[in-house]
Each structure stands twice: as C-alpha cells, then as structure tokens.
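Just below is one structure, and these are the notes that go with it.
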C-alpha cells in the first residue's frame with residue numbers, strides 16, 4: 001500500500017479505534033473531523049451537515065470508510081429532515097464523489113435496516129426497517145446497492161451494538177451498584193455485542209483487501225439489557241434486587257428501539273476473513289472488567 005486510507009467522521013469511538021488499529025499495522029491514515037479545533041495535517045476538516053461545495057478527497061487515497069452519521073434513534077425520530085440530510089443525501093453524494101476519483105468506499109450500516117423479527121438475518125434479506133434511523137440507512141444502502149450492481153468498488157458493513165471497555169452505561173451501573181444504589185435496565189431491549197477492537201479489525205480488513213458487496217458482524221446471540229445488568233451485579237457481588245427491570249417505552253424510546261433480535265448472519269466475514277464475534281458473555285467480561293471500582297487499600301497496602 002503506497003497511499004493512505006481515509007476515515008470519514010472518525011471522531012467516534014469506533015473511528016478512533018480503527019485509526020489506532022490501522023496505525024499499529026503501519027498503514028497511513030487520514031481521519032476527517034467536523035471539529036475545527038481538531039484539524040491537523042492528518043485530520044482534515046469535513047462536516048456532512050454542510051454542503052460539500054466541491055469538496056475533493058486528499059491526494060493518494062486508496063480507500064475510504066464512511067463513519068459519519070447521525071446515529072441516535074431519538075435524534076433521527078425528532079429531526080427526520082436534518083438527520084436524513086446527513087445519513088442519506090450527503091452520504092450518497094460523498095460516496096459518489098469518492099467513486100468518481102476511483103476511490104473504493106466502505107459504508108457502515110446497521111441492523112436497524114431490518115425489523116428484528118427473526119435472528120441471524122442473511123445479508124440478502126429484503127430491507128424492512130421500522131425506525132426512522134433504519135429507514136435512512138436503508139435508503140442509503142439502496143442507493144449504494146445500485147453502484148454495487150453496476151460493478152463499482154463499494155462495500156457495506158452492518159453492525160448492531162458495538163461494546164467498548166469504557167462503555168459509559170456500564171460504568172454508571174457499576175458505580176451505582178458499588179454504592180448500593182439501584183439501577184434500571186430495559187427488559188425489552190436486546191443486544192448481541194461486538195467488541196470495538198474486533199469491529200475495527202473487520203473495517204481494516206475490508207478496506208485493505210478491496211472487499212465488495214455486503215457484510216455483517218454481530219454477536220451470535222441476543223441478551224436483554226436487564227440480563228446484562230444482572231450479570232454485572234453478579235460480577236461485582238452486588239445485590240440483584242438493586243436491578244429494576246423497566247420497559248424501553250417507559251423511558252420514551254422511539255419506535256424501532258426494541259427489536260426482538262439484533263443478530264445478523266456473520267458467516268461471510270468469518271469464513272472469508274476469519275473475523276468472528278465470541279459469545280456474548282465473553283465480550284461482556286472484557287467490558288465489565290474495566291468497570292470494576294478500584295479497590296481501596298488500607299495503610300498497609302491491603303484491600304479493605
């Protein structure tokens with residue numbers, strides 16, 4: 001590889017981890033930012049909330065991945081026009097700009113393009129979103145799918161929940177449980193988490209190897225957030241009665257926030273590239289380990 005890889009909208013955690021992963025492999029990376037104070041030689045400015053106005057990619061880009069998106073379901077639900085401008089109109093326009101320069105594009109999509117009624121949805125299943133965010137991702141996929149059908153160097157990678165060791169929700173729960181305070185967890189919201197480092201590896205593999213078509217990566221099975229909270233409490237030795245089970249509707253979550261299943265058929269990534277997500281509790285153990293409160297030591301250096 002003689003050129004650089006372009007990560008569009010790499011201010012997100014998965015973007016940061018992907019840039020770090022590629023850097024560790026010795027791959028040159030340019031990661032765009034929409035925050036002016038972060039602009040640098042390897043951090044060019046690009047904000048998809050604004051018109052591209054003739055924007056052109058830097059020279060010697062070998063492939064690009066589009067991370068930039070309005071990803072909160074609540075935001076898309078409350079501002080469909082503004083979020084659609086970024087998630088559909090600007091994203092498609094950016095992709096086509098890159099393709100005209102001969103740059104392959106990887107677009108990051110979501111399990112939200114499906115309704116979640118069945119587990120392990122195959123890559124070629126008909127799109128059937130029920131959330132506004134899912135509908136926007138589906139429209140972008142349809143536009144990019146036409147480029148794929150025409151032979152353009154475009155790939156799509158669908159994720160569900162990506163779990164990081166520093167997940168704020170787990171830290172908040174761990175802090176509360178350690179203090180004997182109750183927490184609330186959704187009994188009707190599911191996750192099949194993918195470790196953020198593994199997500200970054202998948203992105204890097206697809207970009208570096210010129211993949212085309214549709215790929216998916218999720219954990220092999222779903223658990224509820226309530227089950228996750230129970231597991232955290234058990235690992236911390238907290239009273240399980242501190243975990244209150246509530247519905248997502250009680251928190252005002254928008255339509256589509258509680259699919260019965262979030263798993264996607266990930267066999268292609270496993271068989272072709274050797275990338276597979278471990279079972280849910282193996283993934284959660286890593287995140288939980290980073291959320292354990294620091295143990296207090298007495299004056300002799302012994303745990304209190």
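With respect to the chain, whose longest principal axis is taken over its alpha-carbon atoms, helix 280-289 is tilted by about 70°.
What does the C-alpha gyration tensor say about the overall shape of region 131-208? Classify as rounded when a/c is under 1.5, otherwise prolate if a/b is larger than b/c, or oblate. It comes out oblate by the Cα gyration axes.
Could you state, as a whole-number percent, how many of the C-alpha pairs of region 82-157 are farther apart than 18 Å? The proportion of pairs with Cα distances above 18 Å equals 39 percent. With Cα atoms defining each centre, region 234-291 and region 102-116 are spaced 20 Å apart in the structure. Pairs of alpha carbons in the chain separated by more than 34 Å make up 25% of all such pairs.
Between 256, 15, 180, the residue with the greatest mean-square fluctuation in the GNM of the chain (Cα pairs under 10 Å linked by springs) is 180.
Please work out the FRET efficiency for the pair residue 279 and residue 41, using the Cβ-Cβ distance as r and a Förster radius of 41 Å; give the result to the nearest 0.05. Write down the numbers at each step before the final one.
On the way: r = 42 Å, r/R0 = 1.03.
Once rounded, the FRET efficiency stands at 0.45.
Build a GNM of the chain with springs between Cα atoms under 10 Å apart, and of 137, 161, 255 the one that fluctuates most is 255. Relative to the longest principal axis of the chain, what angle (0 to 90°, nearest 10) does the C-alpha long axis of helix 13-24 take? So the inclination is approximately 70 degrees.
Beta-bridge orientation, the chain: approximately 10 percent antiparallel, per DSSP, counting only bridges with both partners inside.
Across the chain, the mean sequence separation of Cα contacts (distance under 8 Å, 6 or more residues apart), normalised by length, yields a relative contact order of 19 percent.
Given the options 131, 290, 250, state which has the largest fluctuation in a GNM of the chain using a 10 Å cut-off (strictly under) for Cα springs. For the chain, modelled as a Gaussian network with Cα springs under 10 Å, the answer is 250. Computed from Cα positions, the angle between helix 196-208 and the longest principal axis of the chain comes to roughly 20 degrees.
If you plug the beta carbon distance of residue 267 and residue 128 into 1/(1 + (r/R0)^6) with R0 = 25 Å, you get a FRET efficiency near 0.75.
No lab work stands behind these numbers, since they all come straight from the coordinates. Computed from a predicted model, the values in this text were never measured in an experiment. No Cβ is skipped: glycine too gets one built from the backbone with ideal geometry, and neighbour counts run over all protein chains shown.
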